[in-house]
1. Label point 7 Å out from residue 84 along Cα-to-Cβ: which residues of the range 122-157 have amide N under 14 Å?
2. Can you check how the C-alpha radius of gyration of the range 64-177 compares to 2.2 N^0.38 Å, as a plain ratio?
3. Efficiency by 1/(1 + (r/R0)^6): what FRET value for residue 64 and residue 170, r their Cβ-Cβ distance, R0 = 25 Å, to the nearest 0.05?
4. Which length gain, in nm to one decimal place, applies between residue 54 and residue 104 when the Cα-Cα distance is subtracted from 0.36 nm times their residue separation?
5. Each residue of the range 175-182 in order: what ³J(HN,Hα) in whole Hz does its phi give by Karplus 6.51 cos²θ - 1.76 cosθ + 1.60, θ = phi - 60°, with x for Gly and Pro?
6. List the lysines whose alpha-carbon lies under 18 Å from that of residue 71, not counting same-chain residues fewer than 8 positions away?
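Where a number appears in this text, it was derived from the coordinates with a stated rule and is not lab data. Predicted model only: the values in this text are computed from it and were never measured. Virtual Cβ from ideal backbone geometry, glycine too; neighbours counted across all protein chains shown.
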Amino acid sequence: MRTFRPIRILGRLAAVCGVTLPLLAAGQAATTGTTPATPLPPAANTSLPAPPVFVRATPQDIPWPTGDGVKTVILWGDPSKPGLYAVRNTFPPGVMSAPHYHDQDRFVTVIKGTWYTGTDAHWDPDTTIGLPAGSYMIHPKGAVHFDGAKDEETIVQIVGMGPVRTVPARNDTPRYGKPHRLE
């Protein structure tokens, strides 16, 4: 008899993130209040694939790294390997990425705060456009841009296909910092 075991996928997610997620314990969702999984009836063909597994995570379950500066957590996949990935970035107030581009399209949703985006290599915060929570933006492959937070912490979720490279548009700036107009 096969038993529905969602812990397998979460273990994979935790391995990708490099942490242990406290979402499920002994086949029971600890944070969602669901009941233990019900065993599936015996299958006539035991080579059938396992049933699909749903992964749920509340904001409190996201394993953010500690420390100052921009923080990134991988929710799914691996941006450095082939396949779909999803990451979340949190920008502290006053910090933006320096001008850069990616070698693949990236799809961004603002989760919290207002995310400010610029579409040139000048890193001038006065030329950015603010996108409030719930907004969406596509970063086209090869298009130079910079982005981040001004007055409040901002969280964005980025989805794309890996592998993806981030390429600096300039060699005279750090990857993240306090933006200022560059000529």
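1. The answer is none, because no backbone nitrogen lies closer than 14 Å to the label point.
2. Details: Rg = 13.0 Å, N = 114, 2.2 N^0.38 = 13.3 Å.
Its radius of gyration relative to the 2.2 N^0.38 Å reference: 0.98.
3. Values: r = 29 Å, r/R0 = 1.15.
That gives a FRET efficiency of 0.30.
4. Going from the current span to full extension adds 15.3 nm.
5. 5, 9, x, 7, x, 7, 4, 10
6. 112, 150, 178
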